[in-house]
Amino acid sequence: MPLPQNEESKLRVERTEVSGRIVMIVSGRMDAENASVFEQECMRCIVDGHTTLVADLRGLTYISSIGLRSFLSVAKTLQSKGGALRLYGLNGLVKQVLEITGLLQVFSVYDSVESAVL
């Protein structure tokens, strides 16, 4: 059964840990209304001392240009601290947007969460 419209458009960011690395499980739609949620969650992790974050994007169904800006902003902050934003689980429209914009070459992209946390 499809989710109500307001649930489909909602962005969910859940923080978990895999092999000592923080994994941000991102699902829903990332757009101008909610991209800051992802940034804020990542910044909390950075403040806690984490310099490498993995974004599990298997559940992300849409990303706008503002969402892409959020990824770049977080990646730049992590890079300045000697770390990185690693992407995992790209598929569908989100993968196409990253391919078209040339951003697949900017980020480290992994096929599995196990390889992303190494």
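Just so you know, all these numbers are worked out from the coordinates, no wet-lab data involved. Quick caveat, the model's predicted, so the values are computed rather than measured. When we count neighbours, we look across all protein chains shown, and the Cβ atoms used for this are built from the backbone with ideal geometry, even at glycine.
Tabulated values for the structure
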item	result
Cα long-axis angle, helix 35-47 against the chain (0 to 90 degrees, to the nearest 10)	20
Shape call, the stretch 24-84: gyration tensor on alpha carbons, a/c limit 1.5	prolate
Of all DSSP beta bridges in the stretch 5-116, antiparallel share, percent nearest 5	35
The chain, helix-only ellipticity at 222 nm - DSSP H runs n ≥ 4, -39,500 (n - 2.57), divided by all residues, nearest 500	-11500 deg cm²/dmol
Distance between modelled label sites at GLN40 and ARG21, nm, 7 Å Cα→Cβ extension	2.7
Gain in span if fully extended, ARG69 to LYS81, counting 0.36 nm per residue against the direct Cα distance	2.5 nm
